[in-house]
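Visitor: Structure incoming, see below.
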Amino acid sequence: MWHGPRVWAVSAVLGVGGGWLLSRVAPMPMGADGAPEIPLWMVVPFALLLLSIAVVPLVNARLWHRHFPDVSFFLGALVAAYYVVAVKGPSAMGSLSLGQEKVAHAGLEFYSFIALVGGLFVVAGGVLIEFRGRGGPLFNAAILLVGAVLANVVGTTGASMLLVRPFMRANEGRLHPLHLVMFIFIVSNCGGCLTPIGDPPLYLGYIKGVPFLWTLEHLWHDWLVTVGGLLVVFVVIDLWVEKRVRAAREREGLPELAPAAMLPVPRIAGGVGLVCLVLMIGGVFVDPLLHRVAPHLPHLPYGATFQVLVAAASYVLAPKKILEANDFTFFPVKEVGLLFMGIFMTMIPALGYLAANGGKLGVDNPTAFYFATGALSAMLDNAPTYLNFLQVAVPGELTRESIAVLISSPEGVRDLMGISTGAVFFGAMTYIGNGPNFMVRTIAESHGVKMPSFFGYLAWALVLLLPVLVVQWLLFIR
């Protein structure tokens, strides 16, 4: 389906050459303080990549699946090379220029991202969950509720990878794309707002100094209303699906489906996978623990590397019967990895422009933080978007002390509530808003489900998800 590494290498080389040429034609302007003044046109590669993801599959899906790695590698290398050559200011790392540091930091963030998202995908492939009985509205809603709770323990990625396959198997013969769309809304995003483990933005907030239990203490009602509201929407949709499937089978003279079960009773196999799942989650805490014990230790992705090793061990040790029962292949994680490699690189100037100009956007109250963070979390990765608006909310350097000052006042608490829920909930608005979204889509399509296009998914999110998020805003943020 893809040309392969040789063509990707050519695309990357062309991107590097284009970035070098661009640095000569349009050098990065630098401010009096030595910081780069990122022009708006630098956001164009990121916009082109997003536009390609959204439009090209609609025009020619085969062409896109054949060439999207080339587009991702070319645009990512273009921005990376430009930053390395054109941005010469001093950095916190004395051995690197500011541009080199930005590229290295984005590369490490991508490595940590794919280690967690890809690692959980691989580990979950070694765990087989089966639900007894046929899926129906209440049965499915119970699975989604379990997934929303589980997301706070194993992360939205872990919960998604564990449950999406058994969820599809339980609904074989009546599976509709909207089942997977609602799964992404609830399990892959909104369910994970109660703990820092739940979603990457909240974990970054915890690393920066937000207390571990702050999210549970202040966001439980947001979780209850949002997840509860989406479950009600899901039941209405699934009742419509049930009626539609029964009518279709009756027209075609097929026997009726067995009665839907009321509650899912799980059967779990794969002890090695479960152990590795616990180790994967433990990898989230490796870096903070090491830096507390040995503060002078170089800031390298120890936890991410541990997760990669755990994932590799899980795959090698997983029983082949379980991998086959899960129809496990590396295709979904390859697609996500190749695409997000370009996203992380082209996102450097987009986030830099936001960080430099965020204060000029008039974002200075809970409502503004909620919708500004939400709008950008839908199109950018929600984790760095969260950090940028947290920086806007906190005057001065982002430290544990400054965050403690922020959440010491009722207004500051509501600002952080708006940033947190905006990042987590609105990450469900597009396939690229949060890591698990794209992976669930790819897994569904590999099982023959015709998922909505980028714009089709966005349209369903505007109709089904956004009204629930507006209600949540009216009740708790406004």
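Quick grid of which residues meet (1) closer than 13 Å to residue 110 by Cβ; (2) surrounded by fewer than 22 Cβ atoms within 10 Å (Cβ to Cβ); (3) basic (Lys, Arg); (4) not assigned by TED's automatic domain parsing to the domain that holds residue 269:
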{"site": "326", "(1), (2), (3), (4)": "no, no, no, no"}
{"site": "331", "(1), (2), (3), (4)": "no, yes, no, no"}
{"site": "338", "(1), (2), (3), (4)": "yes, yes, no, no"}
{"site": "342", "(1), (2), (3), (4)": "yes, no, no, no"}
{"site": "345", "(1), (2), (3), (4)": "yes, no, no, no"}
{"site": "348", "(1), (2), (3), (4)": "yes, no, no, no"}
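Visitor: When you scan the stretch 187-229, how many residues do you find that are of a type in the set (A, V, I, L, M) and within 19 Å of the chain's Cα centre (by Cα)?
Guide: 7
Visitor: Here is a check on your reading of the model: is residue 235 in the same structural domain as residue 112 (by TED's automatic domain parsing), farther than 23 Å from residue 325 by Cα and touching a Pro at 6+ places or on another chain (Cβ under 8 Å)?
Guide: yes
Visitor: Scan the stretch 445-478 for residues that are closer than 20 Å to residue 336 by Cβ and outside any helix (DSSP H, G or I) and jot them down.
Guide: Within the stretch 445-478, 447, 448, 449, 450, 451, 452, 453 meet the criteria.
Visitor: Inspect the stretch 239-249 for any residue being modelled with pLDDT under 90, assigned to a strand (DSSP E or B) and surrounded by fewer than 12 Cβ atoms within 10 Å (Cβ to Cβ) and give the result as yes or no.
Guide: No; the residues of the stretch 239-249 include none that is modelled with pLDDT under 90, assigned to a strand (DSSP E or B) and surrounded by fewer than 12 Cβ atoms within 10 Å (Cβ to Cβ).
Visitor: Okay, next question. Hey, residue 207 hits all of (1) in a helix (DSSP H, G or I); (2) touching a Phe, Trp or Tyr at 6+ places or on another chain (Cβ under 7 Å) but one; which does it fall short on?
Guide: That leaves (2) as the condition not met.
Visitor: When you scan the stretch 169-219, how many residues do you find that are farther than 30 Å from residue 248 by Cβ and of a type in the set (Asp, Glu)?
Guide: Narrowing the stretch 169-219 to residues farther than 30 Å from residue 248 by Cβ: 189-219.
Filter again for of a type in the set (Asp, Glu), leaving 199, 217.
So the answer is 2.
Visitor: Next up: What residue, among those in the stretch 167-186 that are without any contact (Cβ under 8 Å) to a residue 40 or more places away in the chain and outside any loop (DSSP other than H, G, I, E, B), is farthest from the chain's Cα centre (by Cα)?
Guide: Only one residue tops the list, namely 169.
Visitor: Please go through the stretch 14-60 and pick out each residue that is more than 30 Å from residue 457 (Cα to Cα) and in a helix (DSSP H, G or I).
Guide: Across the stretch 14-60, the qualifying residues are 14, 15, 16, 17, 18, 19, 20, 21, 22, 23, 24, 25.
Visitor: Provide a single number: the residues in the stretch 144-161 that are of a type in the set (A, V, I, L, M, F, W, C) and under 16 Å from the mean Cα position of the chain (by Cα).
Guide: Looking only at that region, the number is 5.
Visitor: Within the stretch 1-56, how many residues are in contact with a strand residue (DSSP E or B) (Cβ under 9 Å, 6 or more places away or on another chain) and loosely packed, with under 12 Cβ neighbours inside 10 Å?
Guide: Residues flagged as in contact with a strand residue (DSSP E or B) (Cβ under 9 Å, 6 or more places away or on another chain) and loosely packed, with under 12 Cβ neighbours inside 10 Å within the stretch 1-56 amount to 2.
Visitor: A follow-up question, please. Here is a check on your reading of the model: is residue 340 in contact (Cβ under 8 Å) with a residue 60 or more places away in the chain, among the aromatic types (Phe, Trp, Tyr) and either under 22 Å from residue 379 (Cβ atoms) or in contact with a Lys or Arg (Cβ under 7 Å, 6 or more places away or on another chain) (or both)?
Guide: Spelling it out, residue 340 is indeed in contact (Cβ under 8 Å) with a residue 60 or more places away in the chain, among the aromatic types (Phe, Trp, Tyr) and either under 22 Å from residue 379 (Cβ atoms) or in contact with a Lys or Arg (Cβ under 7 Å, 6 or more places away or on another chain) (or both).
Visitor: Further question on the same structure: How many residues, within the stretch 353-367, are closer than 30 Å to residue 475 by Cα and in contact (Cβ under 8 Å) with a residue 40 or more places away in the chain? Steps first, please.
Guide: Initial filter on the stretch 353-367 (closer than 30 Å to residue 475 by Cα): 354-355, 357-367.
In the following step, the residues that additionally are in contact (Cβ under 8 Å) with a residue 40 or more places away in the chain were identified as 365-367.
So the answer is 3.
Visitor: Same structure again: For the structure I just gave you, tell me whether residue 85 is at pLDDT 90 or above, of a type outside the set (Ser, Thr, Tyr) and not in a loop (DSSP other than H, G, I, E, B).
Guide: yes
Visitor: Scanning the stretch 272-299 for residues that are part of a loop (DSSP other than H, G, I, E, B) and free of Cβ contacts under 8 Å to residues at least 24 places away in the same chain, which turns out farthest from residue 145 (Cα to Cα)?
Guide: By that ranking, first place goes to 296.
Visitor: So, in the stretch 250-271, exactly how many residues are outside any loop (DSSP other than H, G, I, E, B) and either over 30 Å from residue 161 (Cβ atoms) or in contact with a strand residue (DSSP E or B) (Cβ under 9 Å, 6 or more places away or on another chain) (or both)?
Guide: 8
Visitor: Can I ask one more? What pairs come up if the first residue lies in the stretch 98-115 and is in the same structural domain as residue 335 (by TED's automatic domain parsing), the second is among the hydroxyl-bearing types (Ser, Thr, Tyr) and modelled with pLDDT of 90 or more, and their beta carbons are under 6 Å apart, counting only those six or more places apart or on different chains?
Guide: Here the result reads 99/83; 102/83; 103/83, each pair linking the stretch 98-115 to a residue that is among the hydroxyl-bearing types (Ser, Thr, Tyr) and modelled with pLDDT of 90 or more.
Visitor: Please specify each residue of the stretch 90-140 satisfying the condition of being hydrophobic (A, V, I, L, M, F, W, C), out of contact with any Pro (no Cβ under 6 Å at 6 or more places or on another chain) and in a strand (DSSP E or B).
Guide: 128
Visitor: State yes or no: is residue 350 farther than 30 Å from residue 292 by Cα and touching a residue at least 24 places away in the same chain (Cβ under 8 Å)? Don't jump to the end; show me each part of the working.
Guide: Values: farther than 30 Å from residue 292 by Cα: yes; touching a residue at least 24 places away in the same chain (Cβ under 8 Å): yes.
Yes.
Visitor: Now for a separate question. Which residue pairs have Cβ atoms closer than 7 Å, lie 6 or more positions apart in sequence or on different chains, and pair a first residue in the stretch 379-395 that is under 25 Å from residue 454 (Cβ atoms) and in the same structural domain as residue 193 (by TED's automatic domain parsing) with a second residue that is surrounded by fewer than 21 Cβ atoms within 10 Å (Cβ to Cβ) and of a type outside the set (A, V, I, L, M)?
Guide: Partner pairs satisfying both residue conditions: 388/358; 389/358.
Visitor: Within the stretch 427-444, can one find any residue that is aliphatic (A, V, I, L, M), touching a Phe, Trp or Tyr at 6+ places or on another chain (Cβ under 7 Å) and in a helix (DSSP H, G or I)? Before the answer, list the steps.
Guide: Keep residues of the stretch 427-444 that are aliphatic (A, V, I, L, M), which gives 428-429, 432, 439-440, 443-444.
Checking which are touching a Phe, Trp or Tyr at 6+ places or on another chain (Cβ under 7 Å) leaves us with 428, 432, 439-440.
Filter once more, keeping what is in a helix (DSSP H, G or I): 439-440.
Checked the stretch 427-444: at least one residue is aliphatic (A, V, I, L, M), touching a Phe, Trp or Tyr at 6+ places or on another chain (Cβ under 7 Å) and in a helix (DSSP H, G or I).
The values are calculated or read from the model by the stated rules, or taken from the named source; none is laboratory data. Since we're looking at a predicted model, the values are computed, not measured. When we count neighbours, we look across all protein chains shown, and the Cβ atoms used for this are built from the backbone with ideal geometry, even at glycine.
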